[in-house]
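Since the structure comes first, as C-alpha cells, the remarks are kept for the end.
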Amino acid sequence: MKAKSTNVELEIPSFGTIKNPIGQMDSEHDFEGEAFRKIAKLSDNYNPPSNACNTYKVTYAKLKEFEEDLHFHIHLENNILFKKAIELEEELFA
C-alpha cells in the first residue's frame, strides 16, 4: 500500500507472485480445517461426557472456541486479505 500511495517502483519478489505464498497458506488452512474436523468428531462436537470433570469441560469449551477463532482467521485471510493482496499486486505490476 505504501508503494502504491508513494508511486515507488517495486522489484519482483523472490517468491514470484503473491499467489505462491497464498497457495501455501491455503494448503495450511485446508490441513488445519481437516484436523479440527477430526477433533470435533472425536470429541462429539465438543460435547464432554455427562460425568466429565470441570477441567475436561473447560478443555472442550476452549477447543471449540479455538476452532471458531481459527475459522474466522481463515475466513478473513481467504476472503478478504488474499483477494486484496492479489488485486494490489496486479495494480503494482501491471
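Listed options for semi-axes √(5λ) of the Cα gyration tensor in Å are (i) 21, 19, 11; (ii) 41, 13, 9; (iii) 25, 13, 11. The value calculated from this structure is the one marked (ii). With R₀ fixed at 41 Å, the C-beta to C-beta distance from residue 87 to residue 51 puts the FRET efficiency at about 0.15.
Cα gyration tensor of region 13-54, axes a ≥ b ≥ c as square roots of the eigenvalues: rounded (a/c below 1.5), prolate (a/b > b/c) or oblate? Verdict is prolate for region 13-54.
Of all lysines in the structure, those lying under 21 Å Cα to Cα from residue 83, and not within fewer than 8 positions of it along the same chain, are 2, 4, 19. Reported value for region 37-87: 59 Å³ per residue, from the convex hull of its C-alpha atoms.
For the chain, the longest stretch holding no GluC sites (Glu not before Pro) located in a DSSP loop with at most 14 other Cβ atoms within 10 Å is which?
12-94
Given their separation in residues at 0.36 nm each and the Cα-Cα distance between them, residue 43 and residue 68 gain 7.5 nm when the chain is fully extended. Each part reduced to its alpha carbon centroid, region 6-35 and region 53-94 end up 15 Å apart.
Taking each DSSP H run with n ≥ 4 as -39500 (n - 2.57) and averaging over every residue of the chain yields -22000 deg cm²/dmol at 222 nm. Helix 82-92 and the longest principal axis of the Cα set of the chain meet at an angle near 10°. Extension gain, residue 31-residue 15: 0.36 nm per intervening residue step, less the Cα-Cα distance, totals 3.6 nm.
Read-outs: derived from the displayed coordinates by stated rules, not from any lab. Everything numeric in this text was worked out from a predicted model, so none of it was measured. Positions of Cβ are backbone-derived with ideal geometry, glycine not excepted, and every protein chain shown enters the neighbour counts.
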